[in-house]
């Protein structure tokens with residue numbers, strides 16, 4: 001495991017340094033800073049909630065630092081710092097139980113962060129309770145969820161790295177779920193809906209496991225999810241499913257397997273588009289975006305997006321693929337005015 005350098009910074013050398021005297025993270029709790037870090041990890045004993053994290057990266061030598069947290073969420077992309085030129089970065093993180101998939105084990109209480117990158121250099125850290133944060137809640141399946149182990153990753157697991165302080169990702173996607181099971185399981189929709197606050201975005205991508213769901217039921221389930229979000233004064237966003245990497249001989253993905261048309265002939269992306277249009281719901285056409293990308297990369301180049309090399313898996317994405325697909329989601333959120341560009345980062 002890599003170890004990171006807790007740089008000794010001086011005002012004379014580096015200018016004003018973030019105070020290591022932690023502020024109150026929440027009422028009645030001690031301040032939270034570097035004293036909660038050792039080796040390449042930080043643990044903050046905080047209850048469930050939404051927290052702002054501000055880090056100062058860099059030191060006397062050049063560094064390159066990335067931060068992941070909780071169940072392998074990428075919270076800050078690898079950030080390069082020149083020698084003697086530290087930088088500050090901030091992000092907002094959702095701390096929940098269970099910390100990963102809703103039907104999985106609870107995980108470790110509190111907030112856990114891992115400091116990585118090719119040359120990690122964490123100079124300071126400050127964790128405080130977020131006072132003004134907008135949530136992006138995710139409803140989805142294994143292609144979206146916080147996957148617990150390598151080499152798997154859902155695009156929702158990589159989305160936080162594209163967001164700045166003030167916007168958190170609450171990823172309630174769960175492996176194996178369809179629109180039917182997501183609505184039926186009390187650990188899923190019945191638990192997620194009460195967490196929606198006015199103005200929150202709720203991104204809904206369910207299709208991969210609706211293999212035996214007829215069109216009328218699939219449409220009604222999407223409509224129920226949309227209505228449930230609006231009941232809480234949230235803003236639903238329908239997301240068509242990522243494609244499966246299933247090529248035709250001519251190098252296209254124009255087939256039912258790739259484009260999520262189920263065994264009953266239900267065209268999931270088409271129905272999703274139809275529901276979005278009928279109910280004036282913003283649509284992120286991730287099927288179209290991922291199809292174009294995979295076809296442009298071709299049969300060989302697209303392997304790295306999925307787990308073809310590791311698992312002969314053409315459905316689930318690698319960390320690289322999930323990061324690329326999360327970037328497509330970020331681009332659509334900005335293009336449609338759903339998240340201000342100033343609240344996002346390129347990565």
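The values are calculated or read from the model by the stated rules, or taken from the named source; none is laboratory data. Quantities reported herein were computed from a predicted structural model and do not represent experimental measurements. Reconstructed Cβ throughout: ideal geometry from the backbone, glycine too, with neighbour counts over all protein chains shown.
Quick look at the numbers
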| read-out | value |
| --- | --- |
| Members of segment 189-199 found to be surrounded by fewer than 20 Cβ atoms within 10 Å (Cβ to Cβ) and either within 22 Å of residue 286 (Cα to Cα) or in contact with a helix residue (DSSP H, G or I) (Cβ under 7 Å, 6 or more places away or on another chain) (or both), listed by number | 193 |
| Failed item in (1) within 22 Å of residue 94 (Cβ to Cβ); (2) modelled with pLDDT of 50 or more, with residue 58 passing the rest | (1) |
| Scope segment 201-234; condition over 26 Å from residue 316 (Cβ atoms), surrounded by fewer than 20 Cβ atoms within 10 Å (Cβ to Cβ) and either out of contact with any helix residue (DSSP H, G or I) (no Cβ under 9 Å at 6 or more places or on another chain) or touching a residue at least 60 places away in the same chain (Cβ under 8 Å) (or both); matching residues | 216, 227, 230, 233 |
| Unique match (being at pLDDT below 95 and in a loop (DSSP other than H, G, I, E, B)) among 347, 337 | 347 |
| Residue count for segment 273-288, restricted to those that are surrounded by 20 or more Cβ atoms within 10 Å (Cβ to Cβ) and under 18 Å from residue 255 (Cα atoms) | 2 |
| Count of residues meeting criterion [out of contact with any strand residue (DSSP E or B) (no Cβ under 7 Å at 6 or more places or on another chain) and on the phi > 0 side of the Ramachandran plot] in segment 163-206 | 1 |
| Residue 92 being buried (at least 24 other Cβ atoms within 10 Å of the Cβ) and either assigned to a strand (DSSP E or B) or under 14 Å from the mean Cα position of the chain (by Cα) (or both) | no |
| Scan of segment 296-330 for residues that are surrounded by fewer than 16 Cβ atoms within 10 Å (Cβ to Cβ) and without any contact (Cβ under 8 Å) to a residue 24 or more places away in the chain, ordered by number | 296, 297, 300, 301, 304, 309, 312, 320 |
| Residue 122 being in the same structural domain as residue 78 (by TED's automatic domain parsing), in contact (Cβ under 8 Å) with a residue 40 or more places away in the chain, crowded, with 24+ Cβ neighbours inside 10 Å and under 17 Å from residue 48 (Cα atoms) | no |
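Every residue, every condition in (1) closer than 30 Å to residue 76 by Cα; (2) in contact with a strand residue (DSSP E or B) (Cβ under 6 Å, 6 or more places away or on another chain), yes or no:
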residue: 252; (1), (2): no, no
residue: 256; (1), (2): no, no
residue: 260; (1), (2): no, no
residue: 268; (1), (2): no, no
residue: 274; (1), (2): no, no
residue: 288; (1), (2): yes, no
residue: 295; (1), (2): yes, no
residue: 299; (1), (2): no, no
residue: 316; (1), (2): yes, yes
